[in-house]
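Data block below; observations after.
Any read-out appearing in this document is the output of simple, stated calculations on the displayed coordinates, not a laboratory observation. Nothing here was measured: the structure is a model prediction, and the numbers come from that model. Every residue, glycine as well, gets a Cβ built from its backbone with ideal geometry; the counts of neighbours run over all protein chains shown.
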Amino acid sequence: MNWLKITAELPQEPLDWSPWALAFEDAGCPSTQILSSPPRMVGYLEQSEGARERACLLIQRLRAMDAEASIETVAEEDWAEAWKRFFRPFRVGERLVIRPSWEPFQLSPGDVEVVIDPGQAFGTGDHPTTRLCLRLLADRDWTGLSVADVGCGSGILGISAAKLGAACVVGVDIEAGSVEIASANARRNGVRAEWLVGDAFEPLLGRSFDAAFSNIISAVLIRIAPDAARCLRPGGLWIVSGVIEANWSDVREAAERAGFDLQQRLQEGEWLAATFLRP
């Protein structure tokens with residue numbers, strides 16, 4: 001299988017990457033990487049019917065946003081090798097260890113291991129947004145709880161919660177490819193979970209959970225805050241990430257307007273993540 005690699009190179013690091021991320025998402029490419037030197041955003045589209053046309057429209061949109069944009073065809077094995085250069089084992093909190101499937105790690109007594117092969121899905125822990133989410137969930141007791149991983153990507157958040165004791169995990173992603181990868185990663189970790197294709201909380205409306213994880217751009221978090229509140233039981237937690245510092249006040253306002261109380265906030269560089277409580 002081949003992929004179309006779309007690169008948007010910017011003249012300087014923006015305060016907010018959200019407009020570019022939204023452009024990729026609208027083209028059917030929600031899983032992106034942000035790289036530096038020079039600042040650029042990279043996304044991949046499966047080379048299927050209509051993909052080239054969507055990629056060309058994305059290129060036009062990116063250029064209208066003052067980005068230098070290009071398309072390159074890459075093979076599946078090239079994608080896999082690219083991930084291997086960036087993804088290394090790492091520890092989160094006192095006992096959670098994340099490692100790629102191709103690299104061993106010496107565990108200590110009491111460690112909880114999550115093995116991830118991201119394929120073309122977002123979520124390895126190499127990006128601050130994922131690391132922040134993992135930090136917020138790593139040292140909590142998830143025993144017996146039900147969680148929803150909304151915008152699941154590789155499934156890393158839901159699978160981590162399951163390995164830390166969650167009894168029920170449901171993941172949702174708008175990309176069918178990501179859902180397939182999350183399902184494969186769940187099997188790799190011996191985790192039973194339900195993985196659904198859909199837009200954010202829409203497939204989950206009418207169900208209730210003890211917690212939800214949403215590592216999604218700020219504009220989407222603002223839009224889905226009311227649905228998050230509908231899907232969480234009283235006392236439930238909504239852990240959010242993907243928030244650039246400049247957008248934090250808007251995300252917090254949307255969450256509070258939906259009935260949430262801010263419980264915890266973490267920051268790494270310009271990126272923020274937070275835990276909101278539904279009273």
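Just a few scattered comments:
- Restricting the range 137-189 to trypsin sites (Lys or Arg not before Pro) in coil, as DSSP defines it, with at most 10 other Cβ within 10 Å: none
- Sequence of Ser214, Ser48, Ser183 once ranked by neighbouring C-beta atoms within 10 Å, starting from the fewest: Ser48, Ser183, Ser214
- Distance histogram for the range 87-277 (every C-alpha pair counted, 10 angstrom bins, percent rounded to whole numbers): 10, 41, 38, 10, 1
- Antiparallel %, DSSP beta bridges [both residues in the range 152-276], to 5: 50
- Net charge of the neighbourhood of Ala246, taken over other residues with C-beta under 10 Å away and scored Lys/Arg +1, Asp/Glu -1, is -4.
- Rounded to whole numbers, the Karplus 3J(HN,Hα) couplings from phi for the range 226-232 are x, 5, 4, 5, 5, 8, 10 Hz, using 6.51 cos²θ - 1.76 cosθ + 1.60 with θ = phi - 60°, and x at Gly and Pro.
- For the range 155-259, relative contact order (Cα pairs under 8 Å, six or more residues apart, normalised by length) works out to 22 percent.
- Fewest-first ranking of Glu103, Glu113, using other Cβ atoms within 10 Å as the exposure measure: Glu103, Glu113
- Once the Cα-Cα distance is subtracted from the 0.36 nm per residue extended length, the Glu253 to Ala64 segment shows a gain of 65.0 nm.
- Using C-alpha pairs under 8 Å with a sequence gap of at least 6, the mean separation divided by the residue count of the range 2-82 gives a relative contact order of 46 percent.
- With K and R counted +1 and D and E -1, the other residues having a Cβ less than 15 Å from that of Ser108 yield a net charge of 0.
- Cα shape, the range 2-82, gyration tensor, a/c 1.5 rule: oblate
- The range 87-277, relative contact order in percent, only Cα pairs under 8 angstrom and at least six apart counted: 18
- For the chain, share of DSSP beta bridges that run antiparallel, in % to the nearest 5: 60
- Mean residue ellipticity at 222 nm, helices only, the chain: -10000 deg cm²/dmol; runs of at least 4 DSSP H residues each add -39,500 (n - 2.57), and the sum is divided by the number of residues.
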